[in-house]
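**Q** The structure is given below, and queries will be raised subsequently.
The values are calculated or read from the model by the stated rules, or taken from the named source; none is laboratory data. Here the structure is a predicted model, which is why all the values come from computation and not from measurement. Every residue, glycine among them, receives a Cβ derived from its backbone with ideal geometry; neighbour counts consider all protein chains shown.
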Amino acid sequence: MLAWVAFSTRQQVAFPEVVVVPDIQSFEPQVTAHLRAIIDAVRSSPGEAATHAKLGLAYEANRIWRAAADCYRNVLALDGTDTPARLHLAICLQELDRHDEALAILRQLAVDDPDCMPAVYRLGDVLLDRDDTSQGIKLFARAVELSPQSTEAHAGLGRAAIVVGDLPRAVEHLRRAVELDPAHRMAHYLLGTALRDQGQLDEAQRELRLGLGAWKQLPPDAWTDDLARHAVNLADQVKQARTLMEAGQLSAAEAILKECLKWSPDSVKTMSNLAAIYVRLGSINEAIELLQRAEQLDEADESVLLNLASCSLRKEQTADALGYTNRAVASAPRSSAARFAKYRVLQKMGQAEDALQALGEAVRLDDTNAEWPLLLANHFLMLNNMAAAKSSYELAIRRDPSRVIPYLGVCEASARLGQWQDARSALDAAEAAVPGHPKVAAARGRLQARTKNP
């Protein structure tokens, strides 16, 4: 729709109408405020494509797809050659399940701007999902050619190669992807899939474990950074804060969460995450005050209870800590985190048998964690329960065959049981998994000495 805006008494120019959703007030208050500010800016400069693009990004970042698409159409009405606007219009149309329209835009974009790697990649992705494997793999190969240092491009080509059955090519590019970004879960998952199909089961298991929780990661484009800055909804803000926390940027994470609480003062999730920052900063009393507010709002929230347990433990209030972990277990009976927290409290209280039981439950509930079986095995070793220790070390190996310590544990437990061949086999497996590791050579020397004088 076009609105006529007078610039002078002699001239009138048609500009695209500002996109305003009718239910703007129904969004989270910070989202509404953010959108209103940009809408005002667009009204002040309706003839500038950049202002309509900014509004489109604000809508898109907060998943208001139809309005975002309309904004990008406005951009193209003012500048029909704008590549990012065409790309993001296609993205929004995909989210609206208008896949044929999105495909048509991506096809034309690949013709008009063949060096735009994100567009080439997305077109390949769409075609691969539509079983057009021959064109899909060509486009992913082109994406790698355009951006040879792109993790996403190599991962995409690896995925396409798996689909067409070219496993050596898949492994080649997926290895390159994880080399470029060791934290790229989807690349690890795909590499594990390709290795498994090639029969390399031990390495495949390790890669599949590293790929747990993988999600589709797309290559960034010219607007990616701006898009992220417009994601002001509570869920994305908390997610961004947690990412900063994991990176050790506690002050930046704290600032984001404090701002979130201004807009959503009753958000239990925000309070719990902010309290976790206070704990890491050593501000235990501030954390407890915040968590007690959150507990009043939701007395069964697992993260609140576990954070309260952590605070109590730091203050040596072990009885309170145990009470919180018991409540967390009751609230989330399938939660491994609650069981592990209970283990830590019981261990602190000197209740070794109950602690060991809680740790065992945590290990059973989380079938991916490789640290906890190792911890469990060490406890059994100290208790001189060699059979249970050996079993737990073997479980740690199955969950992560790339670490040397569990193999050495199997060797030690087997030796104490008098199972000398099992001990030697554990060291052979360790050498295959971690070639040349000095601890393996040292353990082999000790084992040889022991077999001479058992």
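**Q** Please go through region 351-367 and pick out each residue that is surrounded by fewer than 16 Cβ atoms within 10 Å (Cβ to Cβ) and under 17 Å from Asn378 (Cβ atoms).
**A** Across region 351-367, the qualifying residues are Ala352, Glu353, Gln357.
**Q** Just one of the numbered conditions (1) at pLDDT 95 or above; (2) farther than 23 Å from Thr32 by Cα; (3) crowded, with 18+ Cβ neighbours inside 10 Å is not true of Asp298; which one?
**A** It fails just one condition, (3).
**Q** Mind checking which residues of region 57-70 are in a helix (DSSP H, G or I) and more than 15 Å from Ala37 (Cβ to Cβ)?
**A** Glu60, Trp65, Arg66, Ala67, Ala68, Ala69, Asp70
**Q** Return the only residue of Gly360, Gly350 being assigned to a loop (DSSP other than H, G, I, E, B) and of a type in the set (Gly, Ala, Ser).
**A** The conditions single out Gly350.
**Q** Within region 148-158, restricting attention to residues that are within 20 Å of Arg185 (Cβ to Cβ) and of a type outside the set (A, V, I, L, M), which residue is surrounded by the fewest Cβ atoms within 10 Å (Cβ to Cβ)?
**A** Going through the qualifying residues, I end up with Gln149.
**Q** Go through region 9-40 and report how many residues are over 31 Å from the mean Cα position of the chain (by Cα), assigned to a helix (DSSP H, G or I) and within 21 Å of His88 (Cα to Cα).
**A** Total meeting the criteria: 1.
**Q** Here are some residues: Lys342, Lys390. Which one is of a type in the set (D, E, K, R), assigned to a helix (DSSP H, G or I) and not assigned by TED's automatic domain parsing to the domain that holds Ala429?
**A** Step by step, each of Lys342, Lys390 is checked, and only Lys342 is of a type in the set (D, E, K, R), assigned to a helix (DSSP H, G or I) and not assigned by TED's automatic domain parsing to the domain that holds Ala429.
**Q** Could you run through region 100-131 and say how many residues are small (Gly, Ala, Ser), farther than 20 Å from Ser147 by Cβ and over 28 Å from the mean Cα position of the chain (by Cα)?
**A** 1
**Q** Among the candidates Arg176, Arg206, which residue alone is touching a residue at least 60 places away in the same chain (Cβ under 8 Å), in the same structural domain as Gly165 (by TED's automatic domain parsing), crowded, with 18+ Cβ neighbours inside 10 Å and of a type in the set (D, E, K, R)?
**A** None of the others qualify; the one that does is Arg206.
**Q** Any chance you could count how many residues in region 34-77 are closer than 21 Å to Glu101 by Cβ, in contact (Cβ under 8 Å) with a residue 60 or more places away in the chain and small (Gly, Ala, Ser)?
**A** Of the residues in region 34-77, 2 are closer than 21 Å to Glu101 by Cβ, in contact (Cβ under 8 Å) with a residue 60 or more places away in the chain and small (Gly, Ala, Ser).
**Q** Could you please find all residues in region 417-431 being touching a residue at least 12 places away in the same chain (Cβ under 8 Å) and part of a helix (DSSP H, G or I)?
**A** If the condition is that a residue be touching a residue at least 12 places away in the same chain (Cβ under 8 Å) and part of a helix (DSSP H, G or I), then Trp420, Asp422, Ala423, Arg424, Ala426, Leu427, Ala429, Ala430 are the ones that fit.
**Q** Also: Among the listed residues Val268, Val279, Val238, Val329, identify the single one that is within 21 Å of the chain's Cα centre (by Cα) and surrounded by fewer than 22 Cβ atoms within 10 Å (Cβ to Cβ).
**A** Only one candidate passes the filter, namely Val238.
**Q** Can you tell me which of Glu95, Glu48, Glu101 is in the same structural domain as Leu128 (by TED's automatic domain parsing) and within 26 Å of Asp236 (Cα to Cα)?
**A** Glu95
**Q** In region 85-98, is there at least one residue being surrounded by fewer than 20 Cβ atoms within 10 Å (Cβ to Cβ) and part of a helix (DSSP H, G or I)?
**A** Looking through region 85-98, at least one residue is surrounded by fewer than 20 Cβ atoms within 10 Å (Cβ to Cβ) and part of a helix (DSSP H, G or I).
**Q** Scanning region 135-159 for residues that are among the aliphatic types (A, V, I, L, M) and in contact with a His (Cβ under 7 Å, 6 or more places away or on another chain), which turns out nearest to Ala110 (Cα to Cα)?
**A** Val144
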